[in-house]
1. Suppose we filter segment 124-179 for residues that are within 17 Å of ASP38 (Cβ to Cβ), open to solvent by 60 Å² or more (accessible area, probe 1.4 Å), of a type in the set (A, V, I, L, M) and in contact with a strand residue (DSSP E or B) (Cβ under 9 Å, 6 or more places away or on another chain); how many remain?
2. Which members of segment 49-71 meet the condition of being open to solvent by 60 Å² or more (accessible area, probe 1.4 Å) and closer than 29 Å to LYS31 by Cα?
3. Residues PRO32, PRO17, PRO42, PRO55: which one is touching a helix residue (DSSP H, G or I) at 6+ places or on another chain (Cβ under 6 Å) and farther than 13 Å from CYS144 by Cα?
4. For GLY146, which of the numbered conditions (1) modelled with pLDDT of 95 or more; (2) out of contact with any Asp or Glu (no Cβ under 7 Å at 6 or more places or on another chain) fails to hold?
5. Check whether at least one residue in segment 38-48 is in contact (Cβ under 8 Å) with a residue 40 or more places away in the chain and open to solvent by 60 Å² or more (accessible area, probe 1.4 Å), and report yes or no.
Amino acid sequence: MGPVLALIDLQRIFAAPESPWAAPEFQRVVKPARQLVDLLAPKVIFTRFVAPAKPTGSWATYYEVYPFARQSPDSDDYQLVDEFKGAPTLDKPTFGKWGPELAEAVGPGGHLVLGGVSTDCCVITTALAAVDAGVYVQVVEDACAGGDADSHRKAIDIMRLYSPMLEIVTVDQVRALNQ
């Protein structure tokens with residue numbers, strides 16, 4: 001069946017340097033993400049973090065801290081960056097993007113390749129939920145960026161602990177495996 005690529009939250013709100021949620025190394029992941037798309041198409045899913053219509057539970061408190069993020073999914077901030085503009089998206093109001101949609105795309109015991117932002121939030125929560133579901137996960141380190149370089153490195157180091165169910169790889173390694 002081959003791997004499914006999920007590119008996590010490559011959105012303007014995480015790319016814009018003036019955004020409180022900016023991933024400082026966001027631009028560094030655009031080229032590797034494009035390379036992954038070229039390698040693994042058509043099995044590519046772009047995800048978007050979007051605010052819920054009405055936050056409940058701990059999310060209500062979260063949006064009290066980050067009120068700027070209470071925007072419509074149609075807002076400019078929540079759109080994919082221009083390099084991926086127009087691609088269909090899987091939208092979720094949660095950090096982790098693992099759920100019925102990705103599970104169906106990957107299939108039982110399947111193979112998920114992840115890149116995107118931020119390594120220390122949405123990527124790691126997606127990866128660990130997929131591992132718990134019995135999916136083999138590869139996180140492409142050079143196609144991920146964290147809230148900062150130190151947080152990125154820490155998240156990568158934590159995910160390495162989940163081997164052999166989760167593997168940290170590079171774009172070149174994915175290319176070598178899929179030629």
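1. At the first step, the residues of segment 124-179 found to be within 17 Å of ASP38 (Cβ to Cβ) are 138, 140, 142-143, 169-179.
Then keep just the ones that are open to solvent by 60 Å² or more (accessible area, probe 1.4 Å); that gives 172-173, 175-179.
Now restrict to residues that are of a type in the set (A, V, I, L, M): 176-177.
In the following step, the residues that additionally are in contact with a strand residue (DSSP E or B) (Cβ under 9 Å, 6 or more places away or on another chain) were identified as 177.
Counting residues in segment 124-179 that are within 17 Å of ASP38 (Cβ to Cβ), open to solvent by 60 Å² or more (accessible area, probe 1.4 Å), of a type in the set (A, V, I, L, M) and in contact with a strand residue (DSSP E or B) (Cβ under 9 Å, 6 or more places away or on another chain) gives 1.
2. PHE68
3. Details: PRO32 fails: farther than 13 Å from CYS144 by Cα; PRO17 fails: touching a helix residue (DSSP H, G or I) at 6+ places or on another chain (Cβ under 6 Å); PRO42 fails: touching a helix residue (DSSP H, G or I) at 6+ places or on another chain (Cβ under 6 Å).
Within the list PRO32, PRO17, PRO42, PRO55, the selection yields PRO55.
4. The one condition GLY146 does not meet is (2).
5. yes
The values are calculated or read from the model by the stated rules, or taken from the named source; none is laboratory data. It should be emphasised that the depicted structure is a prediction, and the values quoted were computed from it without experimental measurement. Note: ideal-geometry Cβ built from the backbone for every residue, glycine included; neighbour counts use all protein chains shown. Quick note on the areas: whole protein, heavy atoms, side chains included, nothing else; ligands and nucleic acids left out. Shrake-Rupley method; radii C 1.70, N 1.55, O 1.52, S 1.80 Å.
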